[in-house]
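The values are calculated or read from the model by the stated rules, or taken from the named source; none is laboratory data. Worth saying up front: this structure is predicted, and the values here are computed from it rather than measured. No Cβ is skipped: glycine too gets one built from the backbone with ideal geometry, and neighbour counts run over all protein chains shown. Just so you know, the surface numbers come from the protein's heavy atoms only, side chains and all, with ligands and any DNA or RNA stripped out. Shrake-Rupley method; radii C 1.70, N 1.55, O 1.52, S 1.80 Å.
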Amino acid sequence: MTTLHDLGIEDLRAHAAEHLIRARERSTALTDAVDDDDLVRQHSRLMSPLVWDLAHVGNQEELWLVRDVGGRDAVRSDIDELYDAFKHPRSDRPALPLLGPAEARGYVREVRDKVLDVLDHAPLEGRALVEHAFAFGMVAQHEQQHDETMLATHQLRLGTPVLHAPEPPDGRRLPAEEVLIPAGEFTMGTSTEPWALDNERPAHRVRTDAFFIDTAPVTYGAFLRFVEAGGYDDPRWWSAAGWQHRRSARLQGPKYLARDGDGWSRLRFGVHEPVRPAEPVTHVSFHEAEAYATWAGKRLPTEAEWEKAARFDPATGRSCRFPWGDEDPTAEHANLGQRHLRAAPAGAYPAGASPLGVQQLIGDVWEWTASDFTPYPGFAVFPYEEYSQVFFGSDYKVLRGGSFGTDPVACRGTFRNWDFPIRRQIFAGLRCARDVRPGELG
Ligand code: AVJ
Ligand code: FE
């Protein structure tokens with residue numbers, strides 16, 4: 001098992017540097033793919049201009065690693081306010097006096113040069129912020145999270161395709177449509193994963209009843225049967241808030257789809273193509289996910305149910321880091337890290353199955369859960385309130401498992417993402433769960 005606990009101090013420094021460098025390669029590729037005009041433009045009111053994300057990543061890195069951990073002088077304290085996500089909503093960011101593309105690139109390079117020097121010399125003990133190089137891992141995750149956001153901006157942008165990637169592996173027949181997860185307690189969250197973020201902590205025991213969960217995420221083929229059965233026109237399947245949103249936003253199906261003769265076509269990173277029925281549905285809101293599940297006679301899993309399906313090993317009673325065990329994800333386990341530019345068809349990752357046989361929990365698409373984003377019992381802010389604390393409450397729904405655009409450093413069996421229930425520009429889909437029917441288990 002690969003864990004940071006076992007690394008000596010120099011290996012830990014090298015490990016942190018590798019993650020920072022890999023994140024920067026991805027940010028560079030996502031921003032070099034388009035011209036300067038495209039970088040400063042707002043492709044959607046929901047998103048920042050790409051050049052904002054780039055300098056924001058550098059500014060967070062400067063705040064945490066140059067100034068706080070490194071105790072060094074500021075590189076550009078004059079721009080902190082511009083890149084504070086809480087000071088300016090995304091829709092206002094294009095009008096700000098932002099660093100231009102060349103300036104932003106120079107800024108993030110200058111910060112990074114200092115950070116690699118800090119990483120060479122900083123003591124990695126004595127403060128929780130630096131234990132196991134946490135702050136460096138947090139900053140690498142932050143950059144990767146913004147890289148996924150930038151990937152969503154690429155999906156929103158119009159124009160000729162600029163991103164390319166090989167096809168994901170083929171789908172395979174699923175051994176069963178659903179998996180039974182037994183009743184009982186399991187350990188949710190973590191107190192030991194060194195780079196886990198505050199909202200994943202602490203580990204705590206949670207009991208669930210027995211439930212069934214789908215073996216794989218809901219596919220386009222299945223979801224479009226709901227659409228074609230008139231599901232978007234029938235309030236029976238929708239919550240009150242969902243129906244009201246479906247009407248006011250005039251939703252007719254997943255984002256980026258259009259009818260094409262008898263079938264459906266899809267716009268994906270600038271390419272129009274036929275929908276692939278076996279591919280997990282992507283770009284649906286929580287409300288659409290919930291309506292589908294209701295129509296199918298099922299429901300969304302709670303966050304606890306999702307995590308139990310993903311981590312609980314009935315043979316040992318332990319919760320693993322990932323469905324397949326404790327090893328870090330490889331290309332055999334899951335579709336992560338923008339290796340492919342789409343979710344893989346159902347059944348494509350048998351090696352990533354959980355002990356009970358649930359597949360594709362990690363990677364492919366973020367999965368909406370039924371749960372609000374709330375703190376675990378014993379939650380403590382670490383290291384800053386604006387990561388999680390200010391978002392807790394009933395405004396946000398939790399998503400689990402990561403997407404094809406999530407880097408492995410920012411994805412774990414315990415990782416919690418959240419968004420508004422109306423959002424669908426993210427790479428989000430769903431899988432259904434259901435209660436056990438009376439008498440069903442004999
Ligand atoms: C965890 C994806 C909801 O993008 O709003 C980035 C991550 N926090 N910068 C977001 C984040 C601060 C966050 N999500
Ligand atoms: Fe951020």
Rough spin-label spacing in nm, given labels placed 7 Å along Cα→Cβ, for residue 25 and residue 374: 4.2
Take residue 395 and residue 158, extend 7 Å from each Cα along the Cα→Cβ direction, and tell me the distance between the two endpoints in nm. 3.1
How much length, in nm to one decimal, is gained on full extension between residue 252 and residue 273, taken as 0.36 nm per residue of separation minus their Cα-Cα distance? 5.7 nm
Lys, Arg +1 and Asp, Glu -1 on Cβ, resulting dipole of the chain about Cα centre, debye, nearest 20: 1420
Place the peptides 433-442, 203-212 in order of packing, highest mean first, counting for every residue the other Cβ atoms within 10 Å and averaging per peptide. 203-212, 433-442
For region 274-399, what does the convex hull of the Cα positions come to per residue, in cubic angstrom? 156
At a temperature of 4 °C and a viscosity of 1.567 mPa s, determine how fast region 92-140 diffuses translationally according to Stokes-Einstein, using the Kirkwood radius over alpha-carbon pairs as Rh; express D in µm²/s, rounded to the nearest whole number. 101
Residue-normalised accessible area of the chain, given per residue in Å² at a 1.4 Å probe: 41
Rounded to the nearest 20 debye, what is the charge dipole size of region 13-160 about its Cα centre when +1 sits on each Lys and Arg Cβ and -1 on each Asp and Glu Cβ? 240
Positive end of the charge dipole of region 339-435 (Lys, Arg +1 and Asp, Glu -1 on Cβ, about the Cα centre): tell me which of 426, 360, 371 has its Cα farthest that way. 360
Mind pulling the angle between the C-alpha long axis of helix 50-61 and the longest principal axis of the chain? Nearest 10 degrees, somewhere in 0 to 90. 60
Show me the ranking of peptides 280-293, 102-115 by mean Cβ neighbours inside 10 Å, starting with the highest. 280-293, 102-115
For region 149-159, 3J(HN,Hα) per residue [Karplus equation, 6.51 cos²θ - 1.76 cosθ + 1.60, θ = phi - 60°, Hz, x = Gly/Pro]: 4, 5, 5, 5, 5, 4, 5, 6, 6, 9, x
Whole-percent pair-distance distribution, where bins are 5 Å wide, for the alpha carbons of region 218-323: 2, 11, 19, 19, 15, 13, 10, 6, 4, 1, 0
Taking Cα atoms, how many degrees apart are the long axis of helix 101-121 and the longest axis of the chain, rounded to 10 and kept between 0 and 90? 80
Output the peptides 61-69, 14-22 sorted from most to least packed, where packing is the average of other Cβ atoms within 10 Å over each peptide's residues. 61-69, 14-22
State, as an integer percentage, the relative contact order of region 178-292 based on alpha-carbon contacts under 8 Å between residues 6 or more apart. 26
Charges on Cβ only, +1 for Lys and Arg, -1 for Asp and Glu, centred on the Cα centroid of the chain; of 295, 415, 335, which one is farthest towards the dipole's positive end? 295
Cα axis of helix 286-295 to longest principal axis of the chain: angle in degrees, 0 to 90, nearest 10? 20
Using the Kirkwood formula over every pair of different C-alpha atoms, what hydrodynamic radius in Å results for the chain? 22.6
I need the GluC sites (Glu not before Pro) found in region 354-404, filtered to DSSP loop residues with at most 15 other beta carbons within 10 Å of theirs. 385, 386
When the accessible area of region 103-257 is split by element with a 1.4 Å probe, what percent falls to carbon and sulfur? 49
Computed on Cα atoms, Rg of region 37-151 relative to 2.2 N^0.38 Å comes out at 1.09
In debye to the nearest 20, how big a dipole does region 403-442 give about its Cα centre with +1 on each Lys and Arg Cβ and -1 on each Asp and Glu Cβ? 60
Taking the simple approach of a point 7 Å from Cα along Cα-to-Cβ for both residue 228 and residue 351, what is their distance in nm? 3.5
For all pairs of alpha-carbon atoms in region 379-442, what percent lies in each bin of width 10 Å, listed from the first bin to the last filled one? 15, 39, 29, 13, 4, 0
Pull out the extension gain between residue 18 and residue 240, defined as 0.36 nm times the separation in residues minus the alpha carbon to alpha carbon distance; nm, one decimal. 75.2 nm
Along the charge dipole of the chain, pointing to its positive end and built from +1/-1 on Cβ of Lys, Arg, Asp and Glu, which listed residue (280, 164, 12) has its Cα farthest out? 280
Take the solvent-accessible surface of the protein heavy atoms, probe 1.4 Å, and return the percent of it on region 1-85 that carbon and sulfur atoms account for. 49
